[in-house]
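Let me begin by presenting the structure, written as structure tokens, before commenting on it.
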Amino acid sequence: MIRNFVDLWDITPDEGWSILLNAESIKRGQDREKHLFGKNVGLFFTKPSTRTRVSFEVAVNQLGGNTIYLAEQSLQISRGEDLKDTARTLSRYLDCIVIRTDSHKRLEEYAKYSTIPVINALTDMSHPCQVLSDVFTLYETFKEDIRNIKIAYVGDGNNVCNTWLVAAGLFGLNLFVATPEGYEPSSYYYQAGEDLCKITGGSIYLTVNPVEAVKDAHVIYTDVWVSMNQERSEEKINMLLPYQVNEELLSHARKDVKVMHCLPAKKGEEITEEIFEKYADFIFTQAENRLHTQKALLKFLISSVI
Ligand code: CP
Ligand code: NVA
């Protein structure tokens, strides 16, 4: 069977935990098998990327496979070839494809015609590789307590925020989300997260009050206020000012709070330079863990193809 990873709900809670446990073995050097030996993975990107592209390229290479970077401009799709024809062609050459694009709908359409696993490397709606890996970082830090800690997302209700809602459901986490009015996360992703919470015991609380969200939090997570290809609006920036992760906001959290950022960061907007540097080690461990988690994800998806 072909398994895609377009959104976090494409895997079950048990599969999610087993990917995280495998990521732990991979990171510790206990699983060094060349799970992708002889496999070719395409990386079809229509937007810039530092972490996702490089961590996937290194992951595939370390697993014994080969990557082909496919910038949109270099493909016939940029001259109008149908997306579904591109999907059907690439499926005949590759074993897996990683796609970063603006439109989540286009990614879903691509996946409909693809006969090899499709991995979402970020769309306007979700960023499941990022958040799966972030949950791994929290698991590594908090172990079984991960279900008891308070995680607060503050800022724009964007693709990363949407994905956190599903992660809370999938892994049974306790998530507080503070976003300004008009910049809330998608109600579709919220509902998907809530539905999963009923199975796993997770909880999601949405508020406009950043102090309420971070109060006694173990983890504070933020992301940029202007995502790739979004128009910068001063009205939105002004609405988001009270959600900046700064010393004052952190004073409401636990003293041993961890601060997370998926990167790239716009210091001085969603996070101050001072707070970023204070938590830089944790933030770059978060970035490193993309590599280990994606190796486990690739192994899972490739081994599911029968
Ligand atoms: N966090 C993340 O996905 O970074 P890139 O945009 O650099 O891939
Ligand atoms: N929300 C950000 C995430 C970048 C990894 C964006 O879409 O640009």
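The values are calculated or read from the model by the stated rules, or taken from the named source; none is laboratory data. Being a predicted model, the structure only gives us computed values, none of them experimental. Neighbour counts run over all protein chains shown; Cβ positions are idealised from the backbone, glycine included. Remember, those area values only see protein heavy atoms, side chains included, never the ligands or the DNA or RNA. Shrake-Rupley method; radii C 1.70, N 1.55, O 1.52, S 1.80 Å.
Helix 159-171 versus the longest principal axis of the chain: what is the Cα-based angle in degrees, 0 to 90, to the nearest 10?
Taking the Cα atoms of the chain, the angle to 159-171 is about 90 degrees.
Towards the positive end of the charge dipole of region 65-204, with charges on Cβ (+1 Lys, Arg; -1 Asp, Glu), say which of Asn159, Leu90, Ile149 has the farthest Cα.
About the Cα centre, the residue reaching furthest to the positive side is Leu90.
What accessible area per residue comes out for the chain, rounded to a whole number of Å², with a 1.4 Å probe?
43
In degrees between 0 and 90, to the nearest 10, how far off the longest principal axis of the chain does helix 13-28 point, with axes built from Cα atoms?
90
What percentages make up the Cα-Cα pair-distance distribution of the chain when the bins are 10 Å wide from 0?
All Cα pairs, binned at 10 Å, distribute as 6, 28, 35, 22, 7, 0 percent.
If I build a Gaussian network model for the chain, linking alpha-carbon pairs within less than 10 angstrom, which residue out of Gln76, Gln130, Gln62 has the largest mean-square fluctuation?
Of the options given, Gln76 has the highest mean-square fluctuation.
With +1 assigned to the C-beta of every Lys and Arg and -1 to the C-beta of every Asp and Glu, and no other charges, what is the dipole magnitude of the chain about the Cα centre in debye, to the nearest 20?
Dipole of the chain, to the nearest 20 debye: 1080 debye.
Output the Cα-based Rg and Dmax of region 1-142 in Å, rounding Rg to one decimal and Dmax to a whole number.
In order Rg, Dmax, the Cα atoms of region 1-142 give 15.2, 49 Å.
Dividing the convex hull volume of the Cα atoms of region 115-177 by its residue count, what figure in Å³ per residue is obtained?
Enclosed volume per residue, from the Cα hull, is 93 Å³.
Round to the nearest 0.05 the FRET efficiency obtained for Ser103 and Ser187 when R0 = 30 Å and r is the Cβ-Cβ distance.
Taking R0 as 30 Å, the efficiency between Ser103 and Ser187 is 0.95.
Along region 216-224, what does the Karplus equation 6.51 cos²θ - 1.76 cosθ + 1.60 (θ = phi - 60°) give for ³J(HN,Hα), rounded to whole Hz, x for Gly and Pro?
Computed from phi, the couplings for region 216-224 are 6, 6, 8, 9, 10, 10, 9, 8, 4 Hz.
Please compute the length gained on full extension between Tyr205 and Glu81, using 0.36 nm multiplied by the number of residues separating them and subtracting their Cα-Cα distance.
My answer for the length gained is 40.3 nm.
Can you pull the three principal axis extents for the Cα set of region 192-306, in Å, largest first?
Computed over the Cα atoms, the extents are 51, 33, 31 Å.
Would you pull out the residues with amide H under 5 Å of Val245's amide H, same chain only if 5 or more places away, H placed 1.01 Å from N?
Residues meeting the amide H criterion: Ile271, Thr272.
Name the residues whose placed amide hydrogens come within less than 5 Å of the amide hydrogen of Thr67, ignoring near sequence neighbours (fewer than 5 apart) on the same chain.
Excluding prolines and chain starts, which carry no amide H, the hits are Val41.
Less than 25 Å apart at the alpha-carbon level, and either on another chain or at least 8 residues along: which lysines does that give for Lys112?
Correct list for Lys112: Lys39, Lys47, Lys84, Lys295, Lys299.
In nm², what is the average projected area of the convex hull enclosing the Cα atoms of region 191-253? Provide the component values of the computation, followed by the final result.
Numbers: hull surface 23.2 nm².
Mean orientational projected area (region 191-253, Cα hull): 5.8 nm².
Suppose a student asked you for the relative contact order of region 109-216, using Cα pairs under 8 Å spaced at least 6 residues apart; what percent would you report?
Averaging sequence separation for qualifying contacts and normalising by length gives 25 percent for region 109-216.
Quick check: the angle from helix 83-93's long axis to the longest principal axis of the chain, C-alpha only, nearest 10 degrees?
The answer is roughly 60 degrees.
Please state the shape class of region 122-219: rounded when a/c is under 1.5, otherwise prolate if a/b exceeds b/c and oblate if not, all from the C-alpha gyration tensor.
Rounded, since a/c falls under 1.5.
By the scheme Lys and Arg +1, Asp and Glu -1, what is the net charge of all other residues having a beta-carbon under 15 Å from that of Leu132?
That works out to -2.
Could you give me the ³J(HN,Hα) list for region 249-262, computed from phi with Karplus coefficients 6.51, -1.76, 1.60 and θ = phi - 60°, whole Hz, x at Gly and Pro?
For region 249-262, the Karplus curve yields 5, 5, 5, 8, 8, 5, 4, 9, 4, 9, 10, 10, 8, 6 Hz.
Who wins for biggest fluctuation among Leu196, Leu83, Leu170 in a Gaussian network model of the chain, springs between alpha carbons below 10 Å?
Leu83
Would you work out which of Thr207, Ala287, Pro242 lies farthest towards the positive end of the dipole of the chain, given +1 charges on the beta-carbon of Lys and Arg and -1 on that of Asp and Glu, about the Cα centre?
Ala287
Using 0.36 nm per residue, how much length does the chain from Gln230 to Phe282 gain when fully extended, once their Cα-Cα distance is taken away? If you can, show how the numbers build up before the last one.
Numbers: separation 52, 0.36 × 52 = 18.72 nm, distance 2.77 nm.
Stretched fully, the Gln230-Phe282 segment lengthens by 15.9 nm.
If you take the square roots of the eigenvalues of the alpha-carbon gyration tensor of region 1-63 and sort them as a ≥ b ≥ c, do you get rounded (a/c under 1.5), prolate (a/b over b/c) or oblate?
oblate
Can you tell me the order of 297-304, 25-32 when each peptide is scored by its average per-residue count of other Cβ atoms within 10 angstrom, highest first? The partial results should precede the final answer.
On the way: 297-304: 19.6, 25-32: 13.1.
Going from most to least packed, we get 297-304, 25-32.
Could you list which residues have their amide H under 5 Å from that of Phe176, counting only those 5 or more apart in sequence or on another chain, with H placed in the peptide plane?
Ile151, Ala152, Tyr153, Tyr205
Return the distance in nm (one decimal) between the two label points of a simple spin-label model at Leu263 and Ser304, each offset 7 Å from Cα along Cα→Cβ.
In this crude label model, Leu263 to Ser304 measures out at 2.8 nm.
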